[in-house]
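Below is one structure, written out as structure tokens; comments come after it.
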Amino acid sequence: MNGKRILTVAVVLGILGGLVPLIFGPEYLTSTLPISMMIGTYWIVPRVHQKRYLSTVIASVLSGLISMVIYFGYDFTQEPAADVLAAMQVMAWTFLMYVVIISVLGSLFFLKTHDWAEKKRVAMEAKIQAKATTDRRSLNATKPKKKYKKKKKK
């Protein structure tokens, strides 16, 4: 189940990240690639409950790789091979930097903040529930019980 979700998110974001630079221009690759990687992390963390960190890193890296494959695959058909290979070398170093910053550190940061927010939410819900329970008890304790007279049967 988690593998399907990770793969689906990575493929969809990778395709979007690869098509945007093809439509709007190659200068958008350096912005759509990290955005698709970050969105992959954002979508995976709350939806996967086992091996979260590994899942977010995999989804992030896969979406970036798919974006680059789509973009450079199309670029090979349009440009001279030497130009594309030079651009791929530059993008490979940039991609490694994105993997370290976004996939590894960004996933860890987002995972820790998500876990912290979940703990705070559970604590607040417990506090509200406890307050509601004590309020009901105090209301029942302060109300005098009504005494009803029995009706006489005819």
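The values are calculated or read from the model by the stated rules, or taken from the named source; none is laboratory data. Not measured: the values here are computed from a predicted model. In this analysis, Cβ positions are derived from the backbone assuming ideal geometry, glycine residues included, and neighbour counts consider all displayed protein chains. These accessible areas exclude ligands, DNA and RNA; they are computed on the full protein's heavy atoms, side chains included. Shrake-Rupley method; radii C 1.70, N 1.55, O 1.52, S 1.80 Å.
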Tyr53 accessible area, assembled protein chains, probe 1.4 Å, Å²: 80
Compute and list, largest first, the equivalent-ellipsoid semi-axes of the chain from the alpha carbon gyration tensor, each √(5λ) rounded to a whole angstrom. 58, 16, 12
Note down the nm distance, to one decimal, between modelled labels 7 Å out along Cα→Cβ at Lys153 and at Lys51. 7.3
Ranked order, Leu33, Leu13, Leu96 - accessible area, probe 1.4 Å, largest first: Leu96, Leu13, Leu33
On C-alpha positions alone, give me the angle between the axis of helix 2-24 and the longest principal axis of the chain, in degrees, nearest 10. 50
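Subtract the Cα-Cα distance of Glu79 and Leu22 from 0.36 nm times their separation in residues, and report this length gain in nm to one decimal. Write down the numbers at each step before the final one.
Numbers: separation 57, 0.36 × 57 = 20.52 nm, distance 1.26 nm.
The Glu79-Leu22 span can extend by a further 19.3 nm.
Give, rounded to the nearest 20 debye, the magnitude of the charge dipole that the chain has about its Cα centre when Lys and Arg contribute +1 at Cβ and Asp and Glu contribute -1 at Cβ. Spell out each step's value before the answer.
On the way: 23 positive and 8 negative charges, 846 e Å.
Value, rounded to 20: 4060 debye.
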Above 20 angstrom, tally the Cα pairs of the stretch 1-92 and express them as a % of all pairs, no decimals. 36
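If R₀ is 41 angstrom, what is the calculated FRET efficiency for the pair Ala92 and Arg121, using the beta carbon separation as r and rounding to 0.05? Walk me through the numbers on the way to the answer.
Working: r = 41 Å, r/R0 = 0.99.
Computed FRET efficiency for Ala92 and Arg121 comes out at 0.50.
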Might you work out the accessible area of Met124 for me, using a 1.4 Å probe with all protein chains in place, and round it to the nearest 10 Å²? 110
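Which order do Asp115, Asp75, Asp83 take by accessible area at a 1.4 Å probe, largest first?
Numbers: Asp115 50, Asp75 25, Asp83 90 Å².
Ranked from most to least accessible, the order is Asp83, Asp115, Asp75.
Using only the alpha carbon atoms of the stretch 48-126, find the Kirkwood hydrodynamic radius as the inverse mean reciprocal pair distance, in angstroms to one decimal. Please list the in-between numbers first.
Details: mean 1/r = 0.0675 Å⁻¹.
Final number for the Kirkwood radius of the stretch 48-126 is 14.8 Å.
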Report, in degrees rounded to the nearest 10, the 0 to 90 angle that the Cα long axis of helix 81-98 makes with the longest principal axis of the chain. 30
On full extension of the chain, what length is gained from Val104 through Ala130, given 0.36 nm per residue of separation minus the C-alpha to C-alpha distance? 5.5 nm
Need the full-extension length gain, Ile15 to His114, defined as separation in residues times 0.36 nm minus the C-alpha distance. One decimal, nm. 33.0 nm
Would you be so kind as to identify which of Ile23, Thr134, Phe76 lies farthest towards the positive end of the dipole of the chain, taking Lys and Arg as +1 and Asp and Glu as -1 on Cβ and the Cα centre as origin? Thr134
With every protein chain present, what accessible area does Leu54 have (1.4 Å probe, heavy atoms only), rounded to the nearest 10 Å²? 100
In terms of solvent-accessible area of protein heavy atoms at a 1.4 angstrom probe, what is the ranking of Trp43, Trp116, highest value first? Trp116, Trp43
By how many degrees, between 0 and 90 and to the nearest 10, does the Cα long axis of helix 29-44 differ from the longest principal axis of the chain? 30
